[in-house]
Structures are given as structure tokens and as C-alpha cells.
Amino acid sequence: MSVSTAAAAPSVCDPLPVLGRDVTVPLVTGGEVAYAALDYAASTPALQRVWDDVAAYAPYYGSVHRGAGYLSQLSTDLFENARRTVAEFLDCRDTDQVVFTRSTTDSLNLLAAALPAGCRVFVFETEHHASLLPWRDADVTCLDAPRTPRQAVEALERALAGRTPSPGSRPRPGGGGAGGPALVCVTGASNVTGELWPVRELAAVAHAHGARIVLDAAQLAPHHPVSVRDLDVDWVAFSGHKLYAPFGSGVLAGRADWLGEAEPYLAGGGASRRVARRADGGVDVEWHDGAARHEAGSPNVIGAHAIASACKALTEAGFENLVAREQYLIGKVRDGLARVPGVTVLSLFGDDAPRVGVISFVVDGWNSSHFAAALSAEYGIGVRDGLFCAHPLVRTLLGGDPRTRGECGAPEAAPGGKSLNAVRVSFGAGTPDEHVERFLTAVGELVRDGARWNYRTEAGRCVPDTSAAVA
């Protein structure tokens, strides 16, 4: 998955049309400006193609599975075709399952609920909370942040080689090696630094020690092709709202055995094949096999259709072209920030590490919440500030205590004024050059001249003080 920064603007493709590209927002200094959405790592704007596909289907949707009516049958076909489209997008194995969920967080909590008894989970402290926290009922080993991809592979090798069976554990067939069942959870691309992780190498180490591996592809899938076969991962999780589809849908795709042996993630209609009342007043239930086992309730057919539409749109646009253009934008942003005094870009693996369009930084003398508020209020630029739901990683990168508690986005300051949170700019297939150029101009002006408006703290955040401007 290695990529290099493009030196010049590629001519391979224009930005993909997305919703919101014509939205204007007011500035505290007067007037309006076209909104520059540079918070793709949190949620991408929906592709116009996806929105059009959803709108075309909306009059025809019905509840999927078992319905006798025409619209129900049409919706069922659409839902199951979406499952096949996602499997093709991820290059799944023939025996893999695609389960539709609400998000990456939901997908990984589903997998956590299906872990075999005595399963050990290995995860780096660098993970997003969605992949760091779901394993609370398992025996978790949290590994320190590596400073090179090789260190990550070596740290996992040592951890897996040193594991011993949990007392009383009874591993399921195919669950693990001599140390019992084990699962490694790793991100494909950091939601803080954008750096790509050595997924294929980590998968090889995991499998060599009888462990399995799940890939959090929330930040990788929108930027690079993800092949379950090529990376040799056991599961992949991602969210529709980071893949240019609307909110409320996600995917867990991969091996069927652990999911098939586990109790349903949610108990209810759709997950049950047969339910009967017993003579003693209790209830017997026979659960479905396959994806339906963990898709209880009426499925989000529009969400599944939207994800499938996004998968098709990205595939048809061509990842080679999308990656080339994004690398050009990455180079433009990094070069521009490097020319601004007092700006420090955060990185684990160094400047030459391959990465996606996610860049976090701090500015000397600025609280990050104040800086992000000024970008929004004075320039119409939307970025993110805080700890990005990756508290241990950000605090490690900033030299703080990774065990310190705090809320996402809460302004913090260390003795001496050193920032304990950061600003994140992120972009992708729908980002025009003008948004990046305006962002770099704004950063330079704010650092050189300061904010043109007064700001105050409200509910833990910096917001414009509408009572007066800077004189």
C-alpha cells in the first residue's frame, strides 16, 4: 500500500461531485463564502451519485425479507445485491459473510460479542476508540505506540509469542494456536496522522501464531482499495458515512465461523428461524445461520443501498486516479504547513511514511479549539480539533500522559502553554484545490496576524463572541 507524494497536480481526474459543494456560510467579519469541508476523517460528504441513487429508490422501498408484496421483494433483491457489491468491493473470499451494521463501532462491538471463550485481544494504543474499546469483556493486551512500521510488526510478534492459555479457556475449533484463541485488531490508516499501517505484515504475524486479525478500514477504504484476500485479514469493518454515503450504515465482512457459533448480537425478528412456546411457559428459539443471525429487526435497506452505490462509484472512478490526486493534495498541504512558523505536524512513522489525506498539527501559542474556531468563523473552513476519539495516541504524540482522561474536543493546556490537543485537516475524493489553498492561506494569516475576532469559551469550546470584534 506504499504511495508517494505527487510533485505536480495530476490531470487524471477532477474532484468527484459531492453534496454541499455549493453551500455558503456566513463569516463573523461579514458576508458569506463557499463552505470548505475539510473534516473528511469524521464524515465525508455524500457523493452526488449516491444521493441520486438513494432518491431514485426511495419511492419503492419496503421492508425486506419475507414480504409478499412487489416493493418488499424489490427491496429484498436490492438489499442482497448490496451485500454482493460490498463483497466484490472488498475482494472477499467465497466463504466470507457481509453483515450490515450501523457503523464501524457497531461492527467491532458485534465481533467482540462473538469472540470465543478465553480469547485474547491484542490492540495498539494508537487505535481509534471504536477499535480500542469494544473488547472490554475479553483479555486485552494494549501495545505501546510503535515509531516505525517494523516496530509494530516486531511488537506484535513478541506479544503473540509470549501468550499463554487463559485459565479454564476452551478454544473453539479454528480459534487459535497453542495459546488459545486470539484476535489482533489494527487500523488500516490512522485517523490522526493518516499514516498507513503494515496490515499485510501484521496479518502474517498473527496467522503464524494461530491468531486472527480484524482490520478497521474506516479511514482506509475511502482512500485506497481494500482486498481481504491480498491483505489476508480475517475481517474488515468500515462505515458508510466515511465512504461518501449517508449516516447510519456500516459493514462487518469476513469469516463466518465465530459469528455463526455466537449468540445473535441482537435478539429479535429476522434473527430467529423458529420460535415456540414451551409447556412450562418459556420460549424456545432456533436462530438463523449466516448474516441474518446478526441483523435482527428491519434492516436499513437504504443505508445498504447507499454503501453499495458508493462502492460502485469509487470503483468506477478508479482508485489509481483518486489516489494520485489525493497524494498531490497531501503534498500541497504538508508543504504549505511546513512554511508556516510554529506549526508542527504530528506523525508516528516520520515524514516519508505513506499516508492518506488526514493531517493533524499544533500551532505554537494557540489553543487548538481557538484555532479551529477562527478557521470556521473567519474563513468558512470546517476542520476538527481535540483528541479525535484517539486519546492515548494524541497524548503520546504530544508528549502527554496517554493515560490522562479527557473529552473529545475539550480544550486543554499543559504548564507553559503547550497544547494537549490538536487541529486535524482531512480531505478526499470530493475536495477541490481551492479549499486546500484557502486553508493554507488562512493558517498563514492566523499565525502571522492573529484572529480578527474575539472568542469565548462556551460548553468547553471556543466560539465567536458576537458582542465585539477585535479592534
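Dipole orientation for the stretch 50-315: of the candidates A267, G254, N81, A267 has the Cα lying most toward the positive pole (charges on Cβ; Lys, Arg +1; Asp, Glu -1).
Residue-wise HN-Hα couplings along the stretch 437-451, as the Karplus relation 6.51 cos²θ - 1.76 cosθ + 1.60 with θ = phi - 60° gives them from phi, are 5, 5, 4, 5, 4, 5, 4, x, 5, 5, 5, 6, 10, x, 6 Hz; Gly and Pro carry x.
What does the charge add up to near L27, with Lys and Arg as +1, Asp and Glu as -1, over the other residues with Cβ less than 13 Å from its Cβ? The answer is 0.
The Cβ shell under 15 Å around G62 holds other residues with a net charge of -1, Lys and Arg each +1, Asp and Glu each -1.
Against the chain, whose longest principal axis comes from its Cα atoms, helix 301-317 is set at around 60 degrees.
Quick one: order D289, D284, D96 by neighbouring beta-carbon count within 10 Å, fewest to most.
Details: D289 12, D284 9, D96 18.
Lowest to highest Cβ neighbour count: D284, D289, D96.
Per-residue packing, averaged as other Cβ atoms within 10 Å, sorts the ranges 429-441, 109-121 into the order 109-121, 429-441, beginning with the highest. The H on the amide N of E195, modeled in the peptide plane, is under 5 Å from the matching H of S190, V356, each at least 5 residues off or on a different chain.
Could you rank the peptides 365-371, 350-356, 223-229, 181-187 by their average count of other C-beta atoms within 10 Å per residue, with the highest value first? Let's see the in-between values first.
Working: 365-371: 21.6, 350-356: 16.6, 223-229: 19.7, 181-187: 26.3.
Packing order, densest peptide first, comes out as 181-187, 365-371, 223-229, 350-356.
With θ taken as phi - 60° and the Karplus curve 6.51 cos²θ - 1.76 cosθ + 1.60 applied, the whole-hertz 3J(HN,Hα) list for the stretch 271-281 is 7, 9, 8, 8, 10, 9, 7, 8, 5, 7, x Hz, x standing for glycine and proline.
Positive end of the charge dipole of the stretch 1-150 (Lys, Arg +1 and Asp, Glu -1 on Cβ, about the Cα centre): tell me which of V33, P45, V123 has its Cα farthest that way. Farthest towards the positive end: V123.
Bridge orientation summary for the chain: considering DSSP beta bridges with both residues in this region, about 65 percent are antiparallel.
Report the net charge of residues surrounding D39, where surrounding means a beta-carbon distance below 13 angstrom and charges are Lys +1, Arg +1, Asp -1, Glu -1. The answer is +2. Mind giving me the FRET efficiency for A68 and D91? R0 is 30 Å, r the Cβ-Cβ distance, nearest 0.05 is fine. Plugging the Cβ-Cβ distance into 1/(1 + (r/R0)^6) gives 0.25. The stretch 206-226 and the stretch 54-132 have their alpha-carbon centroids 16 Å apart. Give me the Debye-computed log₁₀ of I(q)/I(0) at q = 0.12 Å⁻¹ for the chain, equal point scatterers on Cα only, no solvent, two decimals. Summing over Cα pairs of the chain leads to -1.09.
Counting only DSSP H runs of at least 4 residues, each contributing -39500 (n - 2.57), and dividing by the residue count of the chain, the helix-based mean residue ellipticity at 222 nm comes to -9500 deg cm²/dmol.
At a 10 angstrom cut-off on C-beta neighbours, averaged per residue, how do the peptides 208-221, 60-73 rank from highest to lowest? Write down the numbers at each step before the final one.
Numbers: 208-221: 24.8, 60-73: 13.8.
So the peptides 208-221, 60-73, ranked by packing, come out 208-221, 60-73.
Taking the DSSP beta bridges with both ends in the stretch 50-315, the antiparallel portion is around 50 percent.
Given R0 = 35 Å, the distance between the Cβ atoms of D77 and D257 translates into a calculated FRET efficiency of 0.80. Backbone amide hydrogens, once placed in the peptide plane, bring V184 within less than 5 Å of F122, R212, I213, V214, excluding anything fewer than 5 places away on its chain. Each residue of the stretch 373-381 is assigned a 3J(HN,Hα), and the resulting list reads 5, 5, 4, 6, 6, 9, 10, x, 10 Hz, derived from the Karplus form 6.51 cos²θ - 1.76 cosθ + 1.60 (θ = phi - 60°), x at Gly and Pro. Under 5 Å from the amide H of G248 lie the amide H atoms of H241, each residue being 5 or more positions distant or on a separate chain, with H modelled from the backbone and absent for Pro and chain starts.
Pairing the Cα long axis of helix 149-161 with the longest principal axis of the chain, what angle in degrees results, from 0 to 90 and rounded to the nearest 10? Once rounded, the angle reads 30 degrees.
The numbers here are math on the coordinates, done by the rules we state, and not lab data. The structure presented is a predicted model; accordingly, all values stated were derived computationally and were not measured. Methodologically, a virtual Cβ is constructed for each residue, glycine included, from the backbone with ideal geometry; neighbour enumeration extends over all protein chains shown.
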